[in-house]
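The numbers here are math on the coordinates, done by the rules we state, and not lab data. Remember, predicted model here, so these are calculated numbers, not experimental data. Quick reminder, even Gly has a Cβ in these numbers, built from the backbone with ideal geometry, and neighbours come from all protein chains shown.
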Amino acid sequence: MEAADLDDVMVVERRAFRHPWSTELFRRELLHDWSTVLLCSGRTATGVPGLPAVLGFVIFWLVHDEVHVLNLAVHPAARRQGLARRLMTAAIEQGRTGGATLVTLEVRRSNFPAISLYRDLGFRPVGIRPNYYVDEGEDAVVMSLDL
Ligand SMILES: CC(C)(COP(=O)(O)OP(=O)(O)OC[C@H]1O[C@@H](n2cnc3c(N)ncnc32)[C@H](O)[C@@H]1OP(=O)(O)O)[C@@H](O)C(=O)NCCC(=O)NCCS
């Protein structure tokens, strides 16, 4: 992601979450050396006119030997086509290349689509963080994948 992509990324973020991150939070990710935001571009991925310019994104941090996935979303018009799987696979591969031995993330306990995706990629639940999402007091499931 570059600063010029922010507006298009925010379209996906706002369609994907009831409590979206602010534009400022996304902008901050561009400032950290340890942070990477990978995009799935609508125009190049499909060539279909009328689709949003950005179809999905993943944000991850690589710190020491660990990748931590902070955010992942795909536009509702482009779901169940394997885009999230491709984004996650790319993040995992970049982490592996960068020396990571572990990938971790938190996911809402009720988020069945995301938990299914992560399980499919080999992640296992390793703990619960009670009331992690302060907006609705929902628990987070902590999941991890050994590389
Ligand atoms: C979760 C999300 C990113 C999945 O994106 P996607 O591009 O539709 O996912 P993919 O097409 O790559 O799906 C890969 C696998 O994940 C699982 N999966 C994805 N969506 C699913 C759903 N709605 N129900 C059940 N399993 C699902 C399936 O195993 C799927 O494989 P399959 O299609 O061969 O059965 C998307 O639904 C989304 O943006 N949700 C809102 C934001 C969000 O919850 N982000 C995660 C925060 S932790």
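Have a look at 54, 11, 107 and tell me which one the Gaussian network model of the chain (Cα, springs below 10 Å) gives the largest fluctuation.
Top of the fluctuation ranking is 11.
Compute the distance in nm between two label points, each set 7 Å from the Cα along the Cα-to-Cβ direction, one at residue 10 and one at residue 79.
A separation of 2.3 nm, rounded to one decimal place.
Residue farthest toward the positive end of the dipole of region 3-103, with Cβ of Lys/Arg at +1 and Asp/Glu at -1: which of 73, 39, 22?
73
Rounding to the nearest 20 debye, state how big the charge dipole of region 3-103 is about its Cα centre with +1 on each Lys and Arg Cβ and -1 on each Asp and Glu Cβ.
Roughly 520 debye for region 3-103.
From the helices alone, meaning DSSP H stretches of at least four residues, give me the mean residue ellipticity at 222 nm for the chain, per-run term -39500 (n - 2.57), in deg cm²/dmol to the nearest 500.
-9000 deg cm²/dmol
Taking the simple approach of a point 7 Å from Cα along Cα-to-Cβ for both residue 41 and residue 102, what is their distance in nm?
If labels sit at residue 41 and residue 102, their model points lie 3.6 nm apart.
Just add up the charged neighbours of residue 25: K/R +1, D/E -1, any other residue whose Cβ is under 15 Å from the Cβ of residue 25.
Residues near residue 25 contribute -3 overall.
Out of 109, 28, 124, any idea which swings most in a Gaussian network model of the chain, alpha carbons joined below 10 Å?
28
How big is the antiparallel share of DSSP beta bridges in region 53-120, given as a percent to the nearest 5?
Given both bridge residues lie in region 53-120, the antiparallel proportion sits at roughly 65 percent.
Give me the percent of DSSP beta bridges within region 3-103 that run antiparallel, rounded to the nearest 5.
The antiparallel proportion sits near 90 percent.
Between the helical axis of 6-16 and the dominant principal axis of the chain, each derived from Cα atoms, what acute angle in degrees is found, rounded to the nearest 10?
So the helix axis and the longest Cα principal axis differ by about 60 degrees.
List the equivalent ellipsoid semi-axes of region 3-103 in whole Å, largest first, each obtained as the square root of 5λ for an eigenvalue λ of the Cα gyration tensor.
23, 16, 11
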